[in-house]
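To start, the structure itself, in C-alpha cells.
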Amino acid sequence: MLVRAIDPLVMLGYVLSAVYVLQHLWADPNGRYLALNFQDHFTFEWFLTHATELFTHGHSPFFSDDVNYPMGVNLMANTSILTVALPLTPVTLWLGVGVTFAIISTLAIAGTAAGWYWVLSREFGRSRIAAGVAGAFLGFAPAIISQAAGHPNIAGQGLIPLIVAAVLRLRHPGRVWRRGLWLAALVVLQAGINEEMLFFTALGLAVFLLAYIPPRQLPSLTRAALPKLGVAVLAAVAVLAYPLYFQFWGPQTYRGLDSGVRAINLDILSYFNFGRYSLAGDVAEAARLNRDGASEENSFFGLPLIILLLAGSVTLWRSRLSRALFVTGFVFMICSFGDVLRYNGIDYHDAHGPWHWIATLPLFDSIVPTRLGLIVTVAVGVQVALLIDVLVVERLRLAFVIEEFEELEDFSDIPELDDISDLDHVPALVGSAPTAVSVFHTPATPPPVSPAPPVSLPNGPPISALVWALALVIALVPLIPLPQPAAERPALPAIFADANWRKDLPPNPVVVTLPNGWNENFNIMRWSTDTRFEVKFVAGYFLGPNDTDPTDKNAHFGPGWRNTTSYFLWVRTQLVSPTVTPAQREDMREDLKFWKATTIVFPVGWRDERVIRETIDKLVAPEVAPGRIVDGVWLWDVRPITAG
C-alpha cells in the first residue's frame, strides 16, 4: 500500500513541475501569451474557440470559413485537437480560451510524464524509481518543453505510451475483442490530438520490434497479434472514416508539405548541446544551431547524456532490449538530419542523409524531419529507465539482500520469496537483466540452471552502482527545464474589442486586412477569436493548398498570393505612395469581388501607414471614399465595388 501511495505523489509532482515551467503564462492566462511562439499560441486559441461552435451554433468541427473566406479552412487537415478541445468547451466559454490553452499545455507536459511513468511501472515492470525518473525525462525533455512553446498537440504525448503498451499486448493469446477495441479507442483519441505523433509511434514501433524480435518468433507472434490488430483497425476505421475522408478529399485539402517545411532538419551538433530551455542551455548557441526554431528544438540532449547512453549501451549490449533501443534511436537520429546534412550551422548540400530517399513518399511527405527527434527522445527515455534499474536499482537491491543474508544466524529466518515483494519478476521487454529471457517467448518449463560459481559477497553497495547513479545525475540535472517566457498581449484595435465591430461594421461583415502579409495573418487569428466568429476574414494562419494555383496541392501557410496581396508586399517597401495603373485598379476590384469583401481595414500606427493608406485610397477611388479612422483602424467600406 505504501508503494502504491507513491503514484499520486509522483503524478502531483509532474503537474506542479509543469505549472512551474508555464508559471509566467499561468500568472494571467487570458492576458499573456507564450513569447517564443505567439503565432501558434494564438492559432491554437482560435482552434479551441472554434470547437465551442459545435455546441453553441451547431457548426462543423471539421471546416470553417470564418478565416480564409470564402475558401475556408479544412480543420481536419490542421491541428484542431478535438480530443481535448471539445471536452474543455465549458472552460473555454466560462473562463476564457487563454485558461483552456494553459490547461492543455500543462497537461501536455505532465500527461506525457505520467503516461510513461504508468506504463513503465505497471505494464513493463520497471521499479518506481526508474519509472519516475524516466517519466520525468520523457515529459520534461528538451524536445517536449520546446514543443510546448505553442505546440501542445505535439508535446501532449500522454496516450503514446498507452498505445505502445496496447500494441505489445497483442502478442498474448485470448481477449481478442477487448484488446483490439482498447487499441482502437486509443488510436481514435490520439488521432484527435495529433496524427503525426500517431504515425511516428507506428514508425518507431516498427523499427524497434524488427530490432528486438528474433526472426524465428515473428510468424507465431504475427499469428497471435493479427486477430486483435484486425479488430483494432476495423473499429478505428469505422469511427475515423468520415473525418479522414474529409481530411484527404474534402474542401481545402493538400498533399504533403512544401519543400521549405520538409527541409527543416536537425543540426548534427545539436544532439551534443543543451537547448535554450535547459538549465545548462545557451540561448544564443541553441538559436544558432536550430535556426531560431524555438518550438522545434527536438534534440539537445547534451554531451554528458550522450556519453552516458553510449557507455550504458556498451555495458548492456548483451540485452536485446538495450540493443533494440539503441538501433531505434540511432535510425531516427540519422533520419532527423533530413535531406541536406547540417553541422555546426553549415549546410552541406552535397551530403545527403537517408531521408533524401524517403521524404517524397506518400505520408512521409507530410513529415517535418526535425520532429523525428521526438522518437529518439522516447528511445533515450526508456533506455534511461533500463540503465537505472539494471545498473543502479538492481545492484543496490542485490547488495542489500546479500547483506541481510550474511547477518542471518539461523537459516530458518530466510523469508519465503513470496514475502519479498520488492523482488518481483521484471518482464524482459524492458530488460530486467542483460541476459533476461525474451518476453515474447515464455518456455513451458524453466530452463535448467547451472550451479553458480562462488562469488565474493560485498559488505556494502557496489561502487559501480554509485558511479552509474552519479553519472545519471550529471547527465540529467543540466536538462532540468527553465520556465517558458511569456509576455503581455498587445492591445487589440478597438474595433475588434468590446463588441465594437457590431456598430462599426456592416451586417455580415467580410473584412480584408491590408497589407495582407505574414504578420497580418497572425493578427487575423486573434481578431477572429475575439470577435467570436461574427466577422469573416479573408486570410489567416493555417495550412491549406495554394488557392491561386489549382495545380499546387502542397500545403502552404495562409492563403495564396493574389495580385493585390503581391502588390502590397511591394508597396510597403516604398517611401512614397506609388502611382497606380488601371490594371492595378482592376486587380483590386477583381480580388475584392472574389473575397466578397464589405470592408478593408488597416491598423493605425503601422510603420508604413501613410504609404499604405494613400495607395488604398487611389485603388478604390472613385467608388469608395478615402479611408477614415474608426476605433483604431483605417476603414474603407467597399460595398459599392463588390455589391454588383
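Annotation: amide H-H contacts under 5 Å for S278 (H modelled 1.01 Å from N, sequence separation of 5 or more, or interchain): L482. Centre-to-centre, using Cα atoms only, segment 115-176 and segment 605-633 are separated by 55 Å. With the gyration tensor restricted to C-alpha atoms of segment 509-586, the semi-axes of the equivalent ellipsoid amount to 23, 18, 12 Å, longest first. The calculated P(r) of segment 452-574, using every Cα pair and 10 Å bins from 0, goes 10, 24, 21, 12, 8, 9, 8, 6, 3, 0 in percent. Hydrodynamic radius of segment 485-644 by the Kirkwood approach over all distinct alpha-carbon pairs: 16.3 Å.
Mind counting lysine pairs for me in the chain? Cα separation below 23 Å, and the two need to be 8 or more apart along the chain or on different chains. Provide the component values of the computation, followed by the final result.
Details: K503/K536; K503/K596; K536/K593; K536/K596; K593/K618; K596/K618.
Qualifying lysine pairs in the chain: 6.
Normalised by the number of residues in segment 550-644, the mean separation of alpha-carbon contacts (under 8 Å, six or more apart) gives a relative contact order of 31 percent.
Would you mind computing the Rg to Rh ratio of the chain from its alpha-carbon coordinates, Kirkwood style for Rh? Don't skip to the answer; put the middle values down first.
On the way: Rg = 28.5 Å, Rh = 27.3 Å.
Dividing the radius of gyration by the Kirkwood radius yields 1.04.
Could you tell me the center-to-center distance, by alpha carbons, between segment 185-240 and segment 20-58 in angstrom? Distance between centres, Cα-based: 33 Å.
Binning all Cα-Cα separations of segment 1-87 at 5 Å, short to long from zero, yields these whole-percent fractions: 3, 11, 16, 17, 15, 13, 10, 7, 5, 2, 1, 0, 0. When the Cα convex hull of segment 168-211 is projected onto planes of every orientation, the mean area is 3.3 nm².
Can I get the semi-axes of segment 288-333's equivalent ellipsoid? Compute them from the C-alpha gyration tensor as square roots of 5 times the eigenvalues, in angstrom, largest first.
Values: eigenvalues 142, 30, 7 Å².
Taking √(5λ) for each Cα gyration eigenvalue gives 27, 12, 6 Å.
Using only alpha carbon positions, build the gyration tensor of segment 172-299, then give the equivalent ellipsoid semi-axes as the square roots of 5 times its eigenvalues, largest first, whole angstrom. Write down the numbers at each step before the final one.
On the way: eigenvalues 259, 106, 36 Å².
Whole-Å semi-axes of the equivalent ellipsoid: 36, 23, 13.
How much of the accessible area of the chain, probe 1.4 Å, is carbon plus sulfur, in whole percent? Mind showing how you got there, number by number?
Numbers: 18720 of 28810 Å².
Its accessible area is 65 percent carbon and sulfur atoms.
For the chain, the relative contact order works out to 17 percent when only alpha carbon pairs closer than 8 Å and six or more residues apart are counted.
Summary of the geometry: segment 268-312 and segment 531-557, compared by the centres of their Cα atoms, lie 35 Å apart. Taking θ = phi - 60°, what integer Hz values does the Karplus form 6.51 cos²θ - 1.76 cosθ + 1.60 yield along segment 584-592, in sequence order, with x for Gly and Pro? The phi angles translate into 5, 4, 5, 4, 4, 5, 5, 5, 4 Hz. Accessible surface for the chain, divided over its residues, is 45 Å² per residue with a 1.4 Å probe.
The values are calculated or read from the model by the stated rules, or taken from the named source; none is laboratory data. Everything numeric in this text was worked out from a predicted model, so none of it was measured. Ligands, DNA and RNA are excluded from the accessible area calculation, which covers all protein heavy atoms including side chains. Shrake-Rupley method; radii C 1.70, N 1.55, O 1.52, S 1.80 Å.
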